[in-house]
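The values are calculated or read from the model by the stated rules, or taken from the named source; none is laboratory data. Just so it is clear, the model here is predicted, and its values are computed rather than measured. All Cβ positions, glycine included, derive from the backbone under ideal geometry; neighbour counts span all protein chains shown.
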Amino acid sequence: PKSIVHSKEHQEIALEVAQKSPVLLKNSVNLLPLNLKKYESIAVIGPNAKPFPNLGKIDYALYLQGGGSGRNWYKKEALISPFAGIKEFMRNGIQVSYAAGVKTSNIRENKQLLSKKNEVLIKEASELAAKTDLVILVVGLSGFDESEGRDRDSARLPGAQETLIRSVVKKNPNSIVINIAGSYVDMSQWIDSVETLLFVPYSGEKIGRAIGQILVGRINPSGKLPFSYPRSPKDYPADSFHEGEAFSKSGESNSYSEGIYVGYRHFDKVGINVLYPFGYGLNYSKFKYGDLRVEPLTPSTFTVNFEIENRSSRAGTDVPQLYISPPTSDVDRPVRELKAFKRVHVGPNDTKEVEFQLPSSAFSYFHPEKLGWIVEDGRYDILIGNSSRDIQIEQTITLGDTSKLEN
């Protein structure tokens, strides 16, 4: 019923989504969580820090989703922008300033005119950065950049955002970059100059409050990447790009020929080092996995137990992931596949027992010649890690008749 729309319970769910979804990608100098006692002035800079101006009728609910026919109805007055959320959690006495840095993606102007305006905005932002103690750069994409019915022209940040990042960080290395986006962004042109990076998906109306809470440590980030971050778009399969005209004009579309080798399966298969692997995400705690035990329940089902230890004084939530590496087969199979994961909250300097159940379906695959799902006999590696590339503990098990297997 309409009476419960945007109720207290709904708003609590919205905040929980916004708190759990950001992924801390880089914290090289342990700038996060912020020690607010160190700062007298903070500059929030970037086109995604505040709602876009001059939206008119094309309002893509910027922090909720990309563009397209699925755009959501929402209460504008309830939207907490990153700037508002950051300011909410700064201590009294800290001066919080703002600069747009560049024009937002909804502004469509003559390229030369837009370039000149961006030069002025970048200069203003850089000057502000130089005279403040800390910079929080809020950049990224929106429904004006990624939408249904078309592809982005480039995987890089739109407009002059890359120039903004490099210019601001050069003026003040004490900078945090927050990238708000719904997909992969090529960061190769600026990632090496940035020490602290938080990826925030379109996480809803409470996005700003959650960002503020994470920056000051009221929330320990626990998000994990649902896709891999390659170092370059060129690392993707060649056939995954279509450089021709739209299908409506040319009648031609992509021929996706990578089969099962999509995402991390592709990068693992060809042995490409990625910038950030599938399942990756940092937090403010320090977790360690150990004491792995894999026990059979039936010949083809298993229970998996292990311990997760929090070796820090800060409570936190980790997401251990279980991958299975199959035996050699007459059918081409991935190097490893995710089969289970679980959010586990562990108190400071505490240890928790984690359990996964592996049914026979976890070991099965579709055989293209037999036209059915089968489970092959053989040795399988059970891998536990906090990303597809960071496997901490593993154990080999056998399924079926092992008398015929080679030693």
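Take the residues in the stretch 112-125 that are among the hydrophobic types (A, V, I, L, M, F, W, C) and at pLDDT below 95; name whichever of them is nearest to Val139 (Cα to Cα). Spell out the reasoning first.
Of the residues in the stretch 112-125, the ones among the hydrophobic types (A, V, I, L, M, F, W, C) are 113-114, 120-122, 125.
Next cut, at pLDDT below 95 only: 113-114.
On the way: Leu113: 21, Leu114: 18 Å.
Here the answer is Leu114.
Restricting to the stretch 242-258, and then to whatever is under 28 Å from the mean Cα position of the chain (by Cα) and surrounded by fewer than 11 Cβ atoms within 10 Å (Cβ to Cβ), can you tell me which residue is modelled with the lowest pLDDT? Among them, the one singled out is Glu243. Which condition does Arg91 not pass, out of (1) in a helix (DSSP H, G or I); (2) over 28 Å from Pro158 (Cβ atoms); (3) modelled with pLDDT under 95, if it passes all the others? So the condition that Arg91 fails would be (1).
Can you tell me which residue in the stretch 363-372 is farthest from the chain's Cα centre (by Cα), limited to those that are assigned to a strand (DSSP E or B) and surrounded by 12 or more Cβ atoms within 10 Å (Cβ to Cβ)? Of everything passing the filter in the stretch 363-372, His367 is farthest from the chain's Cα centre (by Cα). Within the stretch 296-331, if we keep just the residues that are among the charged types (D, E, K, R) and free of Cβ contacts under 8 Å to residues at least 40 places away in the same chain, the residue that is surrounded by the most Cβ atoms within 10 Å (Cβ to Cβ) turns out to be Arg311. Pairing each residue of the stretch 9-23 that is in the same structural domain as Phe199 (by TED's automatic domain parsing) with any residue that is charged (D, E, K, R), provided the two are 6+ apart or on different chains, yields C-beta distances under 7 Å for Ala14/Glu205; Ala14/Lys206; Leu15/Lys206; Leu15/Arg209; Ala18/Lys206; Ala18/Arg209; Val23/Lys224. Taking residues in the stretch 359-370 that are without any contact (Cβ under 8 Å) to a residue 40 or more places away in the chain, and partners anywhere that are of a type in the set (Phe, Trp, Tyr), the pairs with Cβ atoms closer than 8 Å and at least 6 places apart or on different chains are Ser361/Trp373; Ser364/Trp373; Tyr365/Trp373; Phe366/Trp373; His367/Trp373. Just one of the listed residues (Ser167, Ser183, Ser222, Ser203) is over 25 Å from Lys20 (Cβ atoms) and outside any strand (DSSP E or B), namely Ser167. Being modelled with pLDDT of 95 or more, assigned to a helix (DSSP H, G or I), of a type in the set (Asp, Glu) and within 26 Å of the chain's Cα centre (by Cα) is a description that applies to Asp192. Does Val262 satisfy the criteria of being of a type in the set (Val, Ile, Thr), modelled with pLDDT of 95 or more and surrounded by fewer than 20 Cβ atoms within 10 Å (Cβ to Cβ)? No: the conditions fail for Val262.
Within the stretch 199-212, can one find any residue that is surrounded by fewer than 22 Cβ atoms within 10 Å (Cβ to Cβ), of a type in the set (Val, Ile, Thr) and in contact (Cβ under 8 Å) with a residue 12 or more places away in the chain? So far as the stretch 199-212 goes, no, none of its residues is surrounded by fewer than 22 Cβ atoms within 10 Å (Cβ to Cβ), of a type in the set (Val, Ile, Thr) and in contact (Cβ under 8 Å) with a residue 12 or more places away in the chain.
Please tell me if Val139 is among the hydrophobic types (A, V, I, L, M, F, W, C) and exposed (fewer than 12 other Cβ atoms within 10 Å of the Cβ). Here the answer is no, as Val139 does not meet what is asked. Screening Leu197 against (1) in a strand (DSSP E or B); (2) under 17 Å from Lys50 (Cα atoms) leaves a single unmet condition, (2). Can you name every residue in the stretch 96-114 that is of a type in the set (S, T, N, Q) and surrounded by 14 or more Cβ atoms within 10 Å (Cβ to Cβ)? Ser97, Thr104, Ser105, Asn106, listed by residue number. Since Glu127 meets every condition but one in (1) surrounded by 18 or more Cβ atoms within 10 Å (Cβ to Cβ); (2) not in a strand (DSSP E or B), which condition does it not meet? Unmet condition: (1).
Residues checked against (1) small (Gly, Ala, Ser); (2) modelled with pLDDT of 95 or more; (3) in contact with a His (Cβ under 9 Å, 6 or more places away or on another chain):
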position: Ser7; (1), (2), (3): yes, no, no
position: Gln11; (1), (2), (3): no, no, no
position: Lys20; (1), (2), (3): no, yes, no
position: Lys26; (1), (2), (3): no, yes, no
position: Pro53; (1), (2), (3): no, no, no
position: Asn110; (1), (2), (3): no, no, no
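Does the stretch 235-255 include one or more residues that are assigned to a loop (DSSP other than H, G, I, E, B), small (Gly, Ala, Ser) and touching a strand residue (DSSP E or B) at 6+ places or on another chain (Cβ under 9 Å)? Checked the stretch 235-255: no residue is assigned to a loop (DSSP other than H, G, I, E, B), small (Gly, Ala, Ser) and touching a strand residue (DSSP E or B) at 6+ places or on another chain (Cβ under 9 Å).
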